[in-house]
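Read through the structure below, which is laid out as structure tokens, and then see the notes.
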Amino acid sequence: MSGSVLFTAGERWRCFLTPSRSSLFWALHNFCCRKKSTTPKKITPNVTFCDENAKESENALDKLFSSEQQASILHVLNTASTKELEAFRLLRGRRSINIVEHRENFGPFQNLESLMNVPLLKYKSTVQVCNSILCPKTGREKRKSPENRFLRKLLKPDIERERLK
């Protein structure tokens, strides 16, 4: 009787027939069938590097906006209700609710860095929210170019709808 044994050659598995009662078979079988270790490699994060990035992002908010702009942003965020906050496109839904809840639990926002403690608001979204509060866009501004008008006439001929039916 013979059994099959799998050997690896590089990354390919190869099958060889060997006698099933051979001690060589069991030695090779035990060698080939050992499970690889699935323990994850230890990764030691550089804590000082992460802390420096966090401090830089907090200080960057102060540098991005003047003191007058910061005061107006904080006034809106500290006094507006959920409905008023939803007027800003980026604060619709759960974000406006989280801002109001955070304000009720921890008091009014003292600075822009305290906004980053609100759930669902990270650095990038905080900057976008502040910009949208300072410069709200009313309605969508469509980009009209003469090329689009020309292409529209090429793609959409001047035929009445009644005639098409």
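The values are calculated or read from the model by the stated rules, or taken from the named source; none is laboratory data. Bear in mind the structure is a predicted one, so any value in this text is a computation, not a measurement. Cβ sites come from the backbone with ideal geometry, for glycine too, and all protein chains shown count toward neighbours.
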Next item on the list: Go through P108, P136, P157 for me and flag whichever is modelled with pLDDT of 90 or more, assigned to a loop (DSSP other than H, G, I, E, B) and of a type outside the set (S, T, N, Q).
Entry: P108
Note to self: Being among the small types (G, A, S) and either surrounded by fewer than 17 Cβ atoms within 10 Å (Cβ to Cβ) or touching a His at 6+ places or on another chain (Cβ under 8 Å) (or both) is the filter here; which residues of segment 105-131 pass it?
What the structure shows: G107, S125
Check: For residues in segment 87-105 being in contact with a Ser or Thr (Cβ under 7 Å, 6 or more places away or on another chain) and at pLDDT 90 or above, which is farthest from F65 (Cα to Cα)?
Finding: I97
Notebook entry, point to check: Among V47, V5, V76, which is modelled with pLDDT of 90 or more and of a type outside the set (K, R)?
Noted result: V76
Note to self: Restricting to segment 64-82, and then to whatever is without any contact (Cβ under 8 Å) to a residue 12 or more places away in the chain and of a type in the set (G, A, S), can you tell me which residue is surrounded by the fewest Cβ atoms within 10 Å (Cβ to Cβ)?
What the structure shows: S67
Item checked: Residue list for segment 83-128, restricted to those being touching a residue at least 40 places away in the same chain (Cβ under 8 Å) and under 16 Å from the mean Cα position of the chain (by Cα) -> L90, M116, Y123, T126, V127
